[in-house]
Amino acid sequence: MNAHPNVDAPGAPQDGRPSNGRRRNWSRLRGSAAPSRRWTALSGVAAIALGIGVAELVAGAMSRAAASPIAAVGDWFIEVVPGWLADAAISLFGTADKLALGFGIAVVLSLIGAGAGFLTAWARPAGVAAGVLLVGVAASVVASRPDTSGTDLVPMLVGGCVALPVLVWLVGRAVAGSGNDDDRSGRSAGEHGSSGHDGPDSAGTDVARRVFLRSAGGIMALAVAAGAVGRWIGGSRGVVEASREELAVDIDLPSPDVPPGVDLQVPDAEPWRTPNEDFYRIDTAFQLPLLTPEDWRLRIRGLVEQEVELDYDALISMGLVDRWVTLACVSNQVGGSLIGNALWTGVPVADVLALARPLAEADAVLSTSHDGWNCGTPLEALTDGRDSLLAVGMNGEPLPVEHGFPVRMVVPGLYGYVSATKWVVELEVSRFDSFDAYWTTRGWSERGPIKVSSRIDVPRHQARVAAGTVVVAGSAWAQNRGIERVEVKIDGGGWQSADLGAVLTDDTWRQWAFAWEAAPGEHALEVRATTADGEEQTGVVAQPAPDGATGWHRISVNVA
Ligand SMILES: Nc1nc2c(c(=O)[nH]1)N[C@H]1C(S)=C(S)[C@@H](COP(=O)(O)O)O[C@H]1N2
Ligand SMILES: [Mo]
């Protein structure tokens, strides 16, 4: 193949369109110049579509509705459009106005894409510069929206980084596939060594043409797929968030005021009440389960006299209670942060189980989440009078999606892996000897009572502090049993009692503080707690597996 246009070109206009008078008067150009332009335009459209599709996918995966370029541009347009035009659009399109807007945005983006394609074929740097400018404009639209943050620019930037190389590459293929005779693409056509022919009678061009059409088609399909998946993920998250907001109005959630005296308010210590956004999150869900209260059902089955199925309204109408409970993860290291305290609103699990009337031989409840995770909880822990809940609220808000919306279990005194099923949809009354649950099949203990533990929050490990009185503070916990004493040991001396925060219930952690007269030098600080029923926290070090870490939290502090 060579780049000369005239070699085997007996004149093959395929589409019978009139010849372009601006062009050199080769009859065979009648068909070829147009495809070249059409194809560079198509390249631009495909590239911009892919960029947007990828951006939608990233925005959906980040669960950031505000970062969706389509939503941002649509919302922005709705905001800036003059009132009379909006009114006209609504009277013209009625409830299809969003659809019409979407269509309008698609048309404008296609024109921009076509322009970018032409520009790239004419001079690659110009095309690339235009693309960068476009990403910048789109990013500034996203940034100008209310409730966006810097991370919301990530989808646009990723989309741009994908779209630009695709633009350059595809325009190259377009030129190669359509002949080099477009006056504006001659240079790059030469670069690509095109056959210079667009007719089906030329095998080389035919191949190049097929390559182009397949690439463009494939990229468009990819764009649509990425965009659809992104909108689908992001959209259903949006639906679930909207139903959370409705619930916040519909159900009676308490204000999560911290009771007097429980929080010693030592500067830099962790607050007694953990805000939802700071609450540790542990689960196996790569994709968050997305369930609305309308779709949610709870099945109670197994060793029961009566199988029961509850919907959300039926659950709520059983009566909500509010309970402070400190949740802890079995994987928490001594001194670790996989623990948090919240005000949970929900229905006692015992009330729900009573509807089904468990049989006498049952000793466990296997609870299962919407995404198929499960755990086994002693039936006793759910029925012995402690505040085990099917929780719908957390700190006065509907459960955050990450923490199990719309319904999760909370059992005081047991690690989360054997009790705290999020997105719970089934309670199977059963026997421990007849099932294996998610973590027990992976070597963790069948039973997971929380071990008494304590932690130093301030000063931080290896902090430098000034000599004099230093407040040492933290928390201690033995949920469902309570903390009676916390002691501090300095440099291996004797145990000295710390001051304790007020006790509201045995189910939460308890804060402690100790005024330490610190002399200059390097010092070691340790803490241990004793439960209300007299168990002293052991200093024997154990790793979290298989049933929870033990040992005393120890830090070193540099006093100057
Ligand atoms: N559906 C589901 N629920 C789950 C888990 C899970 O992986 N899937 N992890 C459990 C574990 S190990 C813990 S410690 C708690 C953590 O709850 P949180 O993420 O709300 O803090 O949830 C429990 N509930
Ligand atoms: Mo956990």
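Work out from phi, with θ = phi - 60° and the Karplus expression 6.51 cos²θ - 1.76 cosθ + 1.60, the ³J(HN,Hα) of each residue of the range 276-282, listed in order in whole Hz, and give x for Gly and Pro.
Whole-Hz 3J(HN,Hα) from phi for the range 276-282: 3, 6, 9, 5, 4, 10, 9.
Please state the relative contact order of the range 453-559 as a whole percent: Cα pairs under 8 Å, 6+ residues apart?
34 percent
Residue separation times 0.36 nm, minus the C-alpha to C-alpha distance between ARG442 and ALA502: what's the value?
Here the answer is 17.7 nm.
What number, in percent, do you get for the relative contact order of the range 276-442 if the mean sequence gap of Cα pairs under 8 Å and at least 6 apart is divided by its residue count?
Once divided by the residue count of the range 276-442, the mean separation gives 28 percent.
Once every DSSP H run of n ≥ 4 in the chain is given -39500 (n - 2.57) and the sum is divided by its residues, what mean residue ellipticity at 222 nm do you get, rounded to the nearest 500 deg cm²/dmol?
-12000 deg cm²/dmol
Please compute the contact order of the chain in relative form: average sequence separation of alpha-carbon pairs under 8 Å and at least six residues apart, divided by the residue count, as a percent.
12 percent
For helix 124-144, report the angle its Cα long axis makes with the longest principal axis of the Cα atoms of the chain; keep it between 0 and 90° and round to the nearest 10°.
Tilt relative to the chain: about 40 degrees.
Can you list residues whose amide H is under 5 Å from GLU484's amide H, if they're 5+ apart or on another chain and H is modeled 1.01 Å from N?
When sequence neighbours closer than 5 places are left aside, the close amide H contacts are THR530, THR531, ALA532.
By how many degrees, 0 to 90 and rounded to 10, does the Cα axis of helix 203-250 deviate from the longest principal axis of the chain?
That helix lies at roughly 30 degrees to the long axis.
Among THR505, THR326, which comes first, then next, by fewest other beta-carbon atoms within 10 Å?
Going from sparsest to densest Cβ surroundings: THR505, THR326.
Name the long-range amide H neighbours of ALA542: under 5 Å, sequence gap of 5 or more, or other chain; modelled H, no Pro or chain starts.
Long-range HN contacts for ALA542: THR550, GLY551.
Output ³J(HN,Hα) for the range 447-460: one whole-Hz value per residue in order, computed from phi by the Karplus curve 6.51 cos²θ - 1.76 cosθ + 1.60 with θ = phi - 60°, and x for Gly and Pro.
For the range 447-460, the Karplus-derived couplings read 9, x, x, 5, 8, 4, 8, 8, 8, 9, 8, 10, x, 6 Hz, x marking Gly and Pro.
Please give the net charge around GLN496, taking every other residue with its beta carbon less than 12 angstrom from that of GLN496, where Lys and Arg add +1 and Asp and Glu add -1.
Neighbour charge sum, excluding GLN496 itself: -2.
Measure nothing but the geometry: give the 0 to 90° angle between the long axis through the Cα atoms of 97-122 and the longest principal axis through the Cα atoms of the chain, rounded to 10°.
60 degrees
Got a sec to turn the phi values of the range 314-322 into Karplus ³J(HN,Hα) couplings, 6.51 cos²θ - 1.76 cosθ + 1.60 with θ = phi - 60°, whole Hz, x for Gly and Pro?
Result, ordered by residue: 5, 4, 4, 6, 6, x, 9, 10, 10 Hz.
Any read-out appearing in this document is the output of simple, stated calculations on the displayed coordinates, not a laboratory observation. Because the structure is a prediction, the values reported are computed rather than measured. Using ideal geometry, Cβ is built from the backbone for each residue, glycine included, and neighbour counts are taken over all protein chains shown.
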